[in-house]
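A.B. asks: I'd like to ask some things about the structure below.
The values are calculated or read from the model by the stated rules, or taken from the named source; none is laboratory data. Quick caveat, the model's predicted, so the values are computed rather than measured. Cβ placement follows ideal geometry from the backbone for every residue including glycine, while neighbour counts extend to all protein chains displayed. Surface accessibility is based on the protein's heavy atoms, side chains included, excluding ligands, DNA and RNA. Shrake-Rupley method; radii C 1.70, N 1.55, O 1.52, S 1.80 Å.
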Amino acid sequence: MTGASDGNSSSVGYSDSASDLTRMTDAGPDALAAYYDNWAGSYDADLPKMGYEAPKRAAAIMVEQGVPFDAPILDAGCGTGLAGLELAKAGYTDITGIDLSLESLQAAEAKDVYRHLKKRDMNKTLAFGDNGFAAVQCIGTLTYVREIKQLFSEFCRVVKRGGIVCFTQRSDLYDDAFTKAIQATAKAKKWELISHSEPMPYLPNHEDFADKKHIFYDVYRVK
């Protein structure tokens, strides 16, 4: 996708909330929820203009990993439902979404692709039973999670043995602390690596991300 060659957000016509995205990296839960509540109305229009392809790539990963189409999947940090929509387009029929933003959850509900939608803070226990999902995907959300090690443990708890955990993380935030959380989860024999991608485009048409910030796609199997 083109349209942001001069790096000016107004050239592609996305909203002020989209322009302010990088300011939210260190936001707390309340500020984050308020920010995405405010953005929810234009989010679905803004993201394609930025060249955002992660939901489609994530859905393809679920298919490639052989997750059954009728299996329960947790979309963690579902936002307005773009990732769930791509899962549904791929053929998945039992999707649960969680997010901090109520306005975003309402937008996700309107897409009519989720079986359940819940308001959750992923820095806390996920409040689902053990082994209830065949897979979890967490796309474009780990930027805001402080309790990464705890969340990875929670993903492994709610996903059944042999199930899939797929997440993205920005390359500039894939630091020592993040890597240690991954390694600690592996050392605890909770998951094993399936794949770690090369750096991939994140928001190539956004002036603050083009050619500067990319994302990795990681896939793990629960043990």
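A.B. asks: What number in nm² do you get for the stretch 13-60 if you take the convex hull of its Cα atoms and divide its surface by four?
C.D. replies: Numbers: hull surface 15.3 nm².
Mean projected area for the stretch 13-60: 3.8 nm², to one decimal.
A.B. asks: Determine one quarter of the surface area of the Cα convex hull of the stretch 31-100, which equals its mean projected area, and express it in nm² to one decimal. Show your work: numbers first, answer last.
C.D. replies: On the way: hull surface 19.0 nm².
Computed as one quarter of the Cα hull surface, the answer is 4.8 nm².
A.B. asks: Can you give the accessible area per residue of the chain, in Å², using a 1.4 Å probe?
C.D. replies: 46 Å²
A.B. asks: I've got another one for you. Quick one: Karplus J couplings for the stretch 150-166, per residue in order, coefficients 6.51, -1.76, 1.60, θ = phi - 60°, nearest Hz, x for Gly and Pro?
C.D. replies: 4, 5, 4, 4, 5, 4, 5, 6, 7, 9, 5, 4, x, x, 10, 10, 10
A.B. asks: Give the cross-link partners of LYS124 among the aspartates and glutamates, using a straight C-alpha distance below 15 Å as the criterion and excluding same-chain residues fewer than 8 apart.
C.D. replies: By straight Cα distance, LYS124 reaches ASP30, ASP99, GLU147, GLU154.
A.B. asks: Per-residue HN-Hα couplings for the stretch 139-149, Karplus 6.51 cos²θ - 1.76 cosθ + 1.60 at θ = phi - 60°, whole Hz, x for Gly and Pro?
C.D. replies: 10, x, 10, 5, 3, 9, 8, 8, 8, 5, 4
A.B. asks: Could you give me D for the stretch 67-142, from Stokes-Einstein at 10 °C and 1.306 mPa s, where the hydrodynamic radius is the Kirkwood radius over C-alpha pairs? Units µm² s⁻¹, please.
C.D. replies: On the way: Rh = 12.2 Å.
The estimated diffusion coefficient comes to 131 µm²/s.
A.B. asks: Which one, SER101, LEU21, THR179, is farthest towards the positive end of the dipole of the chain when Lys and Arg carry +1 and Asp and Glu -1 on their Cβ?
C.D. replies: In the chain, that residue is THR179.
A.B. asks: Also, I was wondering about something else. Counting Lys and Arg as +1 and Asp and Glu as -1, each charge on the Cβ, what is the dipole of the stretch 66-172 about the Cα centre in debye, to the nearest 20?
C.D. replies: Around 280 debye, computed over the stretch 66-172.
A.B. asks: How much net charge surrounds ILE98 when only the other residues with a Cβ under 10 Å from the Cβ of ILE98 are counted, with Lys and Arg +1 and Asp and Glu -1?
C.D. replies: Details: positive: LYS118, LYS119, ARG120; negative: ASP75, ASP99, ASP121.
Net of charged neighbours comes to 0.
A.B. asks: What residues qualify as long-range amide H neighbours of HIS214, i.e. H under 5 Å apart, gap of 5 or more or another chain, H built at 1.01 Å from N?
C.D. replies: Result for HIS214 returns SER171, ASP172.
A.B. asks: Between their Cα atoms, which of LYS160/LYS189; LYS56/LYS118; LYS149/LYS223 are more than 18 Å away from each other?
C.D. replies: LYS56/LYS118
A.B. asks: Quick one: Cα centre-to-centre distance for the stretch 163-223 and the stretch 91-117, in angstrom?
C.D. replies: 23 Å
A.B. asks: Moving on. Dividing the alpha-carbon Rg of the stretch 100-223 by 2.2 N^0.38 Å yields what?
C.D. replies: 1.10
A.B. asks: Please give the per residue volume of the convex hull enclosing the alpha carbon atoms of the chain, rounded to a whole number of Å³.
C.D. replies: Enclosed volume per residue, from the Cα hull, is 108 Å³.
A.B. asks: Let me ask something additional. Using a 10 angstrom cutoff on alpha carbons, build the Gaussian network for the chain and name the most mobile of GLY91, GLY77, GLY140.
C.D. replies: It is GLY91.
A.B. asks: Treat every Asp and Glu Cβ in the chain as -1 and every Lys and Arg Cβ as +1, leave all other atoms uncharged, and give the resulting dipole magnitude about the Cα centre to the nearest 20 debye.
C.D. replies: 1100 debye
A.B. asks: Shifting gears a bit: So what is the calculated 222 nm ellipticity per residue for the chain, using -39500 (n - 2.57) for each DSSP H run with n of 4 or more, over all residues, to the nearest 500 deg cm²/dmol?
C.D. replies: -10500 deg cm²/dmol
A.B. asks: Which one of VAL63, ALA188, ALA134 is farthest out on the positive end of the charge dipole of the chain, using unit charges on Cβ (Lys, Arg +1; Asp, Glu -1) and the Cα centre as origin?
C.D. replies: The listed residue farthest towards the positive side: ALA188.
A.B. asks: Give me the percent of the accessible area of the chain that comes from carbon and sulfur atoms, probe 1.4 Å, all protein chains in place.
C.D. replies: Details: 4860 of 10310 Å².
Carbon-and-sulfur percentage of accessible area, whole number: 47.
A.B. asks: With θ set to phi - 60°, apply the Karplus curve 6.51 cos²θ - 1.76 cosθ + 1.60 along the stretch 54-71 and write out the HN-Hα couplings as whole Hz, x wherever there is a Gly or Pro.
C.D. replies: 4, x, 5, 5, 5, 4, 5, 5, 4, 5, 4, 7, x, 5, x, 5, 9, 7
A.B. asks: Which residue fluctuates the most in the chain, going by a Gaussian network model with Cα springs under 10 Å, if the choices are ASP99, ASP26, ASP121?
C.D. replies: Of ASP99, ASP26, ASP121, the most mobile in the Gaussian network model is ASP26.
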